[in-house]
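Just below is one structure, and these are the notes that go with it.
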Amino acid sequence: MTAAATVCIRVCHGDPLAMAGLVSLIGREPGFQVQAGPGADEGIVDVIVADHACALNLLASASAFGPSGAACGFHVPRIVVVTRLDKEGEVMQAIDSGARAYLRQDAPPAELMDAIRHVARGGALYLCQRTAALFRQEPRRAGLTAREEEVLRFLVRGDCNKGIAHQLDISTSTVKAHVSRICEKLHASSRVQVAVNATRRGLLRR
């Protein structure tokens, strides 16, 4: 942290009203120093509180530096995501990209303060109660491979195995094998159920 008793936080949010509210809320918390909007000093703030889109953009920029980033003094930001997006795929996209905490925008303020302190200390992944409940209510996605995600996209669109094979330049038998594994991972017994589950759970990444 930047000082023994102070946590330096930057808020980045696409909705100006939501950003103003977060800045006001966080700024009232003892020991928190808060700034608003993007800046050139992300590397020296302790935590960034951001919406889903801003968080992904910041993490993508950080990953672009690759392993050489640390040598240049660049550090991957510790990001707390605060958003209305709560489908499984959206949550996992942020977590897989490197977000340290994920909270729904209607989470209690106390959870946000706990998440900021937890992330500032370097703690493991923090999920608000509502987000954590998402993974208790249904099996978590079993890690679709990149190819399975491609096949899933065509499945949801309604393409047949032959059509998928042609578009991906693979054999029909390979497509069948991918479809079988996708059904198993999504606990679905049919292609229609796969499409319904994938759409409901937000598993198709943009």
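Here are a few things to note about the model shown:
A quick yes/no check of all residues on (1) without any contact (Cβ under 8 Å) to a residue 24 or more places away in the chain; (2) not assigned by TED's automatic domain parsing to the domain that holds Thr83:
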residue: Gly98; (1), (2): no, no
residue: Pro108; (1), (2): yes, no
residue: Tyr126; (1), (2): no, no
residue: Val151; (1), (2): no, yes
residue: Cys160; (1), (2): yes, yes
residue: Ser171; (1), (2): yes, yes
residue: Ala177; (1), (2): yes, yes
residue: His187; (1), (2): no, yes
residue: Ser190; (1), (2): yes, yes
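- Any hit, region 119-130, residues being modelled with pLDDT under 90 and part of a helix (DSSP H, G or I): yes
- Residue in region 73-80 that is crowded, with 19+ Cβ neighbours inside 10 Å, at pLDDT 95 or above and either in a loop (DSSP other than H, G, I, E, B) or β-branched (Val, Ile, Thr) (or both) present: yes
- If you go through region 1-44 and keep only what is at pLDDT 90 or above, assigned to a loop (DSSP other than H, G, I, E, B) and within 17 Å of Gly122 (Cβ to Cβ), you end up with just Gly31.
- Residue that is modelled with the lowest pLDDT [pool: residues in region 54-72 that are buried (at least 19 other Cβ atoms within 10 Å of the Cβ) and in contact with a Ser or Thr (Cβ under 8 Å, 6 or more places away or on another chain)]: Leu59
- Residues considered: Val196, Val156, Val179. Of these, the only one that is at pLDDT below 85, part of a helix (DSSP H, G or I) and over 21 Å from Ile95 (Cα atoms) is Val196.
- Condition check for Arg117: under 16 Å from Leu22 (Cα atoms), in the same structural domain as Leu58 (by TED's automatic domain parsing), of a type in the set (Lys, Arg) and in contact with a strand residue (DSSP E or B) (Cβ under 8 Å, 6 or more places away or on another chain): yes
- If the condition is being surrounded by 18 or more Cβ atoms within 10 Å (Cβ to Cβ) and either touching a strand residue (DSSP E or B) at 6+ places or on another chain (Cβ under 7 Å) or of a type in the set (Val, Ile, Thr) (or both), then region 158-200 contributes Ile164, Val175, Val179, Ile182, Val194.
- Verdict on Arg191 being of a type in the set (Lys, Arg) and farther than 25 Å from Asp96 by Cβ: yes
- Residues in region 183-193 that are in a helix (DSSP H, G or I) and under 15 Å from Cys160 (Cβ atoms): 2 in all.
- With respect to being under 22 Å from Ser97 (Cα atoms) and touching a residue at least 60 places away in the same chain (Cβ under 8 Å), Gly143 falls outside the description.
The values are calculated or read from the model by the stated rules, or taken from the named source; none is laboratory data. These numbers come from a predicted model, not from an experiment. Using ideal geometry, Cβ is built from the backbone for each residue, glycine included, and neighbour counts are taken over all protein chains shown.
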